[in-house]
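I have placed the structure first, in the form of structure tokens, so that the comments after it can refer back to it.
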Amino acid sequence: MRRKRVGFAPGVFDLFHVGHLNILRQARAHCDHLIAGVHADDAVLQMKGRAPVIPLSERMEIVNSVRFVDEAVAVSEFDKVEVWKSVGFDVIFKGDDWRGTETWNVLERRFGELGVDVVYFPYTLYTSSTLLRSVLSHLNSTATAEAGSGQLPEPLHEEGGHKKDMRDEQGTVQPEEEILAAQE
């Protein structure tokens, strides 16, 4: 009997878009069991210098709902080999915009020593969370200028926002601390 090939697709998955879907679809076609690693909010802030727009609990719910994903795990560790030690996978997937970078050249060597394949998929042109964030920022500043007040409502996931109200109404949003604690 053939052993299951476990794949791992790490990402922030903020402002989920077709590029994310393409990576997950292609990844699932190259493994028997796909685990999506969703980066925790604090890890994203450290990596990118800005917090994600969508909080971890909601990104986890979105990614977990994608039919190509067998399970989603929150990832707060930066070192992908350390993630491999805790999650366990045979192949890791990434967009080809990372191919040839110093970070991924090193990871390819380290994973090669462990028998883990690194597979890159074509980057989806014209669609990225960075681009979407930029467009939203532009729309937001235009709306602010037109409104004249200069004050926008607080994001739903920020303190003082509607987080508790939304959690009560939806009954599904789980705080990041609970998600990370449950995985330990």
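The values are calculated or read from the model by the stated rules, or taken from the named source; none is laboratory data. None of the values given here were measured: they were computed from a predicted structure. Note: ideal-geometry Cβ built from the backbone for every residue, glycine included; neighbour counts use all protein chains shown. Surface accessibility is based on the protein's heavy atoms, side chains included, excluding ligands, DNA and RNA. Shrake-Rupley method; radii C 1.70, N 1.55, O 1.52, S 1.80 Å.
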Fill in: Cleavage-rule hits, trypsin sites (Lys or Arg not before Pro), segment 1-107, DSSP coil, Cβ neighbours within 10 Å at most 14
Arg2, Arg3, Lys4, Arg5, Arg50, Arg67, Arg99
Discussion item. Please list, in order along segment 15-28, the HN-Hα scalar couplings obtained from phi with the Karplus expression 6.51 cos²θ - 1.76 cosθ + 1.60 (θ = phi - 60°), rounded to whole Hz, x for Gly and Pro.
Written reply: 6, 3, 9, 4, x, 4, 4, 4, 4, 5, 5, 5, 4, 4
Practice prompt. Would you mind getting me the FRET efficiency between Arg109 and Lys4? Use the beta-carbon distance for r and R0 = 35 Å, nearest 0.05.
Written response: 0.85
Fill in: Under-5 Å amide H pairs with Ala74, H placed in peptide plane, nonlocal only
Val38
Worksheet, complete the sentence: For segment 72-104 the chymotrypsin sites (Phe, Trp or Tyr not before Pro) that pass both the DSSP coil test and the at-most-16 other-Cβ-within-10 Å test are Phe78, Trp98
Practice prompt. Just check segment 70-110 against the gyration tensor rule for me: Cα atoms, a ≥ b ≥ c as the square roots of the eigenvalues, rounded for a/c under 1.5, and otherwise prolate or oblate depending on whether a/b exceeds b/c.
Written response: prolate
Worksheet item: Pulled fully out, how much extra length does the chain show between Phe68 and Arg133, if you take 0.36 nm times their separation in residues and subtract their Cα-Cα distance?
Response: 20.9 nm
Discussion item. Which order do you get for Val53, Val63 if you rank them by accessible area with a 1.4 Å probe, largest at the top?
Written reply: Val53, Val63
Response to the item:
With label points set 7 Å from each Cα along the Cα-to-Cβ direction at Asp32 and Asn140, the distance between them in nm comes to 4.5 nm
Practice prompt. Work out from phi, with θ = phi - 60° and the Karplus expression 6.51 cos²θ - 1.76 cosθ + 1.60, the ³J(HN,Hα) of each residue of segment 60-66, listed in order in whole Hz, and give x for Gly and Pro.
Written response: 4, 5, 5, 5, 5, 7, 6
Discussion item. Which residues among segment 91-127 fall inside the zone where the amide N is under 14 Å from a point 7 Å beyond the Cα of Glu77, along Cα→Cβ?
Written reply: 111
Worksheet, complete the sentence: With label points set 7 Å from each Cα along the Cα-to-Cβ direction at Val119 and Trp98, the distance between them in nm comes to 1.5 nm
Worksheet entry | Dipole magnitude (debye, nearest 20) for segment 6-129, charges at Cβ of Lys, Arg, Asp, Glu | 260 debye
